[in-house]
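Enquirer: Here's a structure for you.
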Protein chains: 4
Amino acid sequence: MTTLAARPIEVSAPHRPTTMRALIKHHAGTELQFVSNRPVPTPGPRDVLIRVKKVGICGTDRHIWEWDAWAAGRIPVGIVTGHEFVGTIEQVGSAVTNYKPGQRVSAEGHITAWKDYNSRTGNAHIASDTKIIGIDRDGCFAEYVCVPEENVWPVHASIPDKIAAVLDPLGNAVHTVMAANVSAKSVLVTGTGIIGLMSITVAKAAGASRIFATDLDPKRRALAKKLGATEAFDPRDDQWIADIRKHCRGEGVDVLLEMSGASTALTQGFEALRNGGTAALLGLFGKPVTFDINKLVIFKGCTVLGINGRKMFETWYQMEELLLSGRLELEDIVTHEFPLEQFKKAHETMISGEGIKVVMAVN
Amino acid sequence: MTTLAARPIEVSAPHRPTTMRALIKHHAGTELQFVSNRPVPTPGPRDVLIRVKKVGICGTDRHIWEWDAWAAGRIPVGIVTGHEFVGTIEQVGSAVTNYKPGQRVSAEGHITAWKDYNSRTGNAHIASDTKIIGIDRDGCFAEYVCVPEENVWPVHASIPDKIAAVLDPLGNAVHTVMAANVSAKSVLVTGTGIIGLMSITVAKAAGASRIFATDLDPKRRALAKKLGATEAFDPRDDQWIADIRKHCRGEGVDVLLEMSGASTALTQGFEALRNGGTAALLGLFGKPVTFDINKLVIFKGCTVLGINGRKMFETWYQMEELLLSGRLELEDIVTHEFPLEQFKKAHETMISGEGIKVVMAVN
Amino acid sequence: MTTLAARPIEVSAPHRPTTMRALIKHHAGTELQFVSNRPVPTPGPRDVLIRVKKVGICGTDRHIWEWDAWAAGRIPVGIVTGHEFVGTIEQVGSAVTNYKPGQRVSAEGHITAWKDYNSRTGNAHIASDTKIIGIDRDGCFAEYVCVPEENVWPVHASIPDKIAAVLDPLGNAVHTVMAANVSAKSVLVTGTGIIGLMSITVAKAAGASRIFATDLDPKRRALAKKLGATEAFDPRDDQWIADIRKHCRGEGVDVLLEMSGASTALTQGFEALRNGGTAALLGLFGKPVTFDINKLVIFKGCTVLGINGRKMFETWYQMEELLLSGRLELEDIVTHEFPLEQFKKAHETMISGEGIKVVMAVN
Amino acid sequence: MTTLAARPIEVSAPHRPTTMRALIKHHAGTELQFVSNRPVPTPGPRDVLIRVKKVGICGTDRHIWEWDAWAAGRIPVGIVTGHEFVGTIEQVGSAVTNYKPGQRVSAEGHITAWKDYNSRTGNAHIASDTKIIGIDRDGCFAEYVCVPEENVWPVHASIPDKIAAVLDPLGNAVHTVMAANVSAKSVLVTGTGIIGLMSITVAKAAGASRIFATDLDPKRRALAKKLGATEAFDPRDDQWIADIRKHCRGEGVDVLLEMSGASTALTQGFEALRNGGTAALLGLFGKPVTFDINKLVIFKGCTVLGINGRKMFETWYQMEELLLSGRLELEDIVTHEFPLEQFKKAHETMISGEGIKVVMAVN
């Protein structure tokens, strides 16, 4: 094993502690627990150990916090949660070739063995064997997190930590927008939660000519317009679909980005879509949806795209380009930052809707 | 108006009768009526009058024959029905520039004013103002039919009348297969009605590597295999989806062509589709479908295509190429031919399932 | 012919003169001649007669003005020149169905019979039988111009005449940019003539993340930056390709838009393009180009797109959307306007480079 | 390093020799040298050691054999040559996760660090840092070859060794054909060398409706027709382009696959291509080509694709599907097989043109 010998395992990190602060899902119930004696993970030969600087709280983290049916069915009790982060490489495994300690990085949280069809053809985001950090294994709400080399994303020097911490959800928006190909097109975003709002600024930066949005909440609609929406509608207003058609040659929008997970929004969104339009679906529905496929998909000749995660790593490159363009307006979206120790307040701020995207500073 | 003067209206058709034989929807009820004194239509300045040679009976004609709710709600009593045909140009209108009497032609039955977005961008098949011959206006179950010049399709000399009469439904199959891009891919066809069967031979000719089919009827499954299906499954057999996955790297087929209009088939078809696969939906569902969009579309990262009619005229060119390849096996699909006067027997043969595609000879 | 009778030819335009002012190519030599007694054209049954308001002078018009080898070989002496315009419909032919007098319109100048493969599949801009107004037949440097109904484009009310007059060249830029798919990508524009400059503002509006430009002329480079270019290089500077690579992950730009027609720019542009990038070529070369296809196309795995005219009418819809976005900055591009009678000054202003796009007011 | 400890390095291969038979480029001149004492390579932690069964001789190997200018400039004297092979995994490195000894495999010979844009977005075949086995480092004309885990391709049980040995060149043909999207299209293959011939059977299996070929050699033309070409032309015959147009609606073929690397063929091929057609270029040209880009690319509105290697691993999956379809006819292409020791005869058989694809049996 001369090759291994030639690349000695990184051992010279004398000051690294053996335990760390972390938020763990300590029991099969609500909330998380702060601990200060979690063992620091040891990277395998192909892994990278990252010292976490800032993390974002995702809608998924809310499900875990509230311990709903989905969380109870999936999350192993005892894991460190969290999957949105930025940090600095602390140590690389013996077989790692592309990274070295000191680099500022984020990471794609979907981990695959790179052996199925999608992994080997540029679509690893929908690999059949995916495990997600902070959901299926230890995540980033901790001082250190460990991911395979292939998942690491070097963060461009011009991107501040606060934004680098939320590349994961921003990537959901970028993936949806880019899959739908919005350039020089009219776009409808149904639902302006965190990803919906991000999608508005992303779609505008990516060249959407006109962006319409719907949301029940007038504050969200106002923010949608501030971020670039031409018009934001209350979907309970009977006139809104007719209004959109009037704006769009009497035919409807070119693109629908479904971000609400509400079946009413789904049907209305397709009604507002022109024949031959494209619908990208990201919002998850609470239960199976009853839907008029004949009228809304087949007769319309629509293209419907299921969107999941982020393309590894086309989405990340696109995201970097959009950030470098200077056109993404994220100041009004990443609203709060707390130290890790104030995790309760951080989660409550997100859950109450007072905050949109809430970040925690770890190191 | 020198231009008009320079292109005198075609009047020299001395032997053409003023009335003709035709099948009309004579009352708001079942069946059709054969008449022999229907006035021959007069072409407008942009129209082409075609002397019909052979026609095909479509599944839509069955709905009209049986006068179901859809037919009662759409078909104007009194029209000549039928929309699949081949014939010879008899006369061209004064402003027609691309055709002349004597040419053997078929025609796209979807008529549009060519003024909306889709009409002007190569997608007239999903124009918002479409009227269909034999459904919204007089059709081809008659000695003569009139269509706008833009709808005419010159039939290649190598294509026999019997096949040329059914380019419309063959075009549905070609449109579905080509939209889904089956080349070097595994394909599942759910439902082997007339279009489903055509899709099998079309998919094979278009380069699908392996084709799987499902149908409740063992005779249809046997025919599916004869036409090129690798395997044909009874969808009531619990093992079939697992069998398909085993054939396909444990992941599923690359492409689903949904031809049944059955909600069970839809769900099963998506279950048999690999992550990132493409589903093209042509079959119409009897009512809105309850569907697990999260699991079957979003998490899978699928692309879903609503398919309607035939692309004008990309599908027709593709169909001609596929026919010229000599690889389409249509002998077992176009099973019967009757003279127009035996229209009752023709319709009954199709409705009973004894025939698959039934053709009537008019002239 | 009852149909014709039912749609009487438009004859009620009592005040229309029988002759008009026009610029004609009066001899096989330089310049144009202003005449005031050109017969007003008579529309055929499928034609639309348009009263011209404003026209743009194209680079092609310069070739015609200067009577170079290309012009001498193609332009029929005696025709009215000009192909960029906006006007108002004066009269429609007897078989016209989609337009009526009074509508403000522009038109696609490429005229086809709509019978070949490309015409019938959404790519009429590359039809094999194309004739161009102002080049092969009478154009728009006149009080009236006649085009087939299919070529008419209704101009959105929000677009001022000055811009509506130059939709043809703007469409060249939009076609090139949209074909290359610039959304969230880095772009290099080689050559900042009129279309090159338009491409910069179009690419930015269409979502290009970063735009680089090259031109020999420092004033053009300054204007390129004003219009949105991140950086504009003098291509004689040896460092510029290395600089672009440094900006672009050390690899090169995602997209090349070749607008110069210079073989050096072509080679340099491909050198600055990353592996797997897309090059859209619009600039015409003075002679066949000697080019290292192995290195610049094959090993790079590039996609090269030949761009010609504007897609009929996808480009026009995209252009309308981009104009409605409010993001196109055309004020610095459409620099001068003269009355038709000052056509000499107008052409000289364009030819000297003092003006970029020069417009003439006709009515 | 518990993870490493948990996956002990594979050491239990007691009977493996330390030296092996191999063909090496022994000096800066013609031919290769057979040696029997080449040290068996030692796999690094991410590498797989493969016991070679059969290998193919590539056109590149001819350049190396003949030591032309390209070879002299690139090939390091002393390496083992060869890059087409099938074999069995002998040993896996300590950090390898997806393979185990005993699996029958081939491998993609392009080795990248998976860190640039193309590597991370499904286009590793055009990575900027590629090294090729048998060209830049030791290859497969030996009893053992070592490649990184990511390059391994498990060979489907139904594919015989003789074919599995030549998946690399077959993949060139599949990549070219699939990039050009030939389904239901007419195709012209210029040049019927080994890849050109493979392209014919691949294009037919992938759904090309009609295939035309050109070659100077009447035997190759005869073989082209046997493999599925509708017609094979001598390109010195002035009529052939007109003949192709006549077959193709007077317009030209939909797709050009340039396989000759001859500049005349390139120009003629584009002349035979219809407007809006797609040209995929694989053949390498002896020197920069002088080419009428205006006429052949820009005015035609063509798409030109530079093709290099094989997509990693989309091409390999497509190839497997095409082989599983049973439609690839490779018997007439893989013409000869020799034991490794008869490498001189094997190379001479290939170089003389007596053989098309020549295989050598190693173990």
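The values are calculated or read from the model by the stated rules, or taken from the named source; none is laboratory data. The structure presented is a predicted model; accordingly, all values stated were derived computationally and were not measured. Cβ: placed from backbone, ideal geometry, glycine included. Neighbour counts: every protein chain shown. Just so you know, the surface numbers come from the protein's heavy atoms only, side chains and all, with ligands and any DNA or RNA stripped out. Shrake-Rupley method; radii C 1.70, N 1.55, O 1.52, S 1.80 Å.
Enquirer: Residues of segment C:307-320 being buried (at least 23 other Cβ atoms within 10 Å of the Cβ) and out of contact with any strand residue (DSSP E or B) (no Cβ under 6 Å at 6 or more places or on another chain), which ones?
Expert: Matches in segment C:307-320: C:ASN308, C:ARG310, C:LYS311, C:MET312, C:PHE313, C:THR315, C:GLN318, C:MET319.
Enquirer: Any idea how many residues of segment D:68-85 are closer than 25 Å to D:PRO39 by Cα and free of Cβ contacts under 8 Å to residues at least 40 places away in the same chain?
Expert: Looking only at that region, the number is 1.
Enquirer: If you go through segment D:347-363, how many residues are open to solvent by less than 60 Å² (accessible area, probe 1.4 Å) and in a helix (DSSP H, G or I)?
Expert: Qualifying residue count for the region: 4.
Enquirer: Here is a list of conditions, (1) within 21 Å of the chain's Cα centre (by Cα); (2) outside the structural domain of D:ILE241 (by TED's automatic domain parsing); (3) open to solvent by 10 Å² or more (accessible area, probe 1.4 Å), and D:LYS344 meets all of them except one; can you say which number that is?
Expert: So the condition that D:LYS344 fails would be (1).
Enquirer: Right, next: Checking the structure you have, find out if any residue of segment C:321-337 is over 21 Å from C:GLY171 (Cβ atoms) and either touching a strand residue (DSSP E or B) at 6+ places or on another chain (Cβ under 9 Å) or not assigned by TED's automatic domain parsing to the domain that holds C:HIS83 (or both).
Expert: no
Enquirer: Go through C:ALA179, C:ALA184 for me and flag whichever is within 12 Å of chain A (Cβ to nearest Cβ) and outside any loop (DSSP other than H, G, I, E, B).
Expert: Among C:ALA179, C:ALA184, only C:ALA179 is within 12 Å of chain A (Cβ to nearest Cβ) and outside any loop (DSSP other than H, G, I, E, B).
Enquirer: Which of the residues that make up segment D:155-169 are open to solvent by less than 40 Å² (accessible area, probe 1.4 Å) and either touching a helix residue (DSSP H, G or I) at 6+ places or on another chain (Cβ under 7 Å) or farther than 11 Å from D:ALA107 by Cα (or both)?
Expert: D:VAL155, D:ILE159, D:ASP161, D:ILE163, D:LEU167, D:PRO169
Enquirer: Restricting to segment A:84-111, what's the tally of residues that are of a type in the set (Ser, Thr, Tyr) and more than 27 Å from A:LYS357 (Cα to Cα)?
Expert: Of the residues in that region, 3 qualify.
Enquirer: Kindly establish whether C:GLY286 is over 23 Å from the mean Cα position of the chain (by Cα) and outside the structural domain of C:THR349 (by TED's automatic domain parsing).
Expert: No.
Enquirer: Filter segment D:317-333 for residues that are part of a loop (DSSP other than H, G, I, E, B) and within 20 Å of B:ALA229 (Cβ to Cβ); which is nearest to the other protein chains (Cβ to nearest Cβ)?
Expert: Ranking the qualifying residues of segment D:317-333, first place goes to D:SER325.
Enquirer: Here is a follow-up. Just checking: which of the strands (runs of 3 or more DSSP E) contained wholly in segment A:187-305 hold 3 or more residues that are within 14 Å of chain C (Cβ to nearest Cβ)?
Expert: In segment A:187-305, A:210-214, A:253-258, A:273-281 are the strands (runs of 3 or more DSSP E) which contain 3 or more residues that are within 14 Å of chain C (Cβ to nearest Cβ).
Enquirer: Test A:LYS300 against the stated conditions and say whether it is in contact with a helix residue (DSSP H, G or I) (Cβ under 8 Å, 6 or more places away or on another chain), open to solvent by less than 40 Å² (accessible area, probe 1.4 Å), of a type in the set (Lys, Arg) and not assigned by TED's automatic domain parsing to the domain that holds A:THR30.
Expert: The answer is yes for A:LYS300.
Enquirer: Another one. Within segment A:132-156, count every residue that is under 18 Å from A:GLY59 (Cα atoms) and not aliphatic (A, V, I, L, M).
Expert: The number of residues fulfilling the criteria is 7.
Enquirer: Another one. So is D:LEU223 open to solvent by less than 10 Å² (accessible area, probe 1.4 Å) and either of a type in the set (D, E, K, R) or in contact with a Leu (Cβ under 7 Å, 6 or more places away or on another chain) (or both) or not?
Expert: Here the answer is no, as D:LEU223 does not meet what is asked.
Enquirer: Continuing with this model, one more query. Regarding D:THR97, is this residue hydroxyl-bearing (Ser, Thr, Tyr), open to solvent by 20 Å² or more (accessible area, probe 1.4 Å) and in contact (Cβ under 8 Å) with a residue 24 or more places away in the chain?
Expert: For D:THR97, the condition - hydroxyl-bearing (Ser, Thr, Tyr), open to solvent by 20 Å² or more (accessible area, probe 1.4 Å) and in contact (Cβ under 8 Å) with a residue 24 or more places away in the chain - is met.
Enquirer: What residue, of A:THR88, A:THR112, is among the hydroxyl-bearing types (Ser, Thr, Tyr) and under 21 Å from A:VAL55 (Cα atoms)?
Expert: Result: A:THR88 is the single residue among A:THR88, A:THR112 that is among the hydroxyl-bearing types (Ser, Thr, Tyr) and under 21 Å from A:VAL55 (Cα atoms).
Enquirer: Within segment B:250-260, can you find the residues that are touching a residue at least 12 places away in the same chain (Cβ under 8 Å) and farther than 18 Å from A:VAL304 by Cα?
Expert: Listed by number, the residues that qualify are B:GLU251, B:GLY252, B:VAL253, B:SER260.
Enquirer: Take the conditions within 14 Å of another protein chain (Cβ to nearest Cβ), in a loop (DSSP other than H, G, I, E, B), closer than 23 Å to C:GLN103 by Cβ and modelled with pLDDT of 95 or more and apply them to C:PRO41. Does it pass?
Expert: Here the answer is yes, as C:PRO41 does meet what is asked.
Enquirer: Further question: Scan segment D:62-83 residue by residue and report those that are of a type in the set (Phe, Trp, Tyr) and open to solvent by less than 80 Å² (accessible area, probe 1.4 Å).
Expert: D:TRP65, D:TRP67
Enquirer: Also, quick follow-up: Would you be able to say whether some residue in segment B:112-124 is polar (S, T, N, Q), open to solvent by less than 30 Å² (accessible area, probe 1.4 Å) and touching a Leu at 6+ places or on another chain (Cβ under 8 Å)?
Expert: No, segment B:112-124 contains no residue that is polar (S, T, N, Q), open to solvent by less than 30 Å² (accessible area, probe 1.4 Å) and touching a Leu at 6+ places or on another chain (Cβ under 8 Å).
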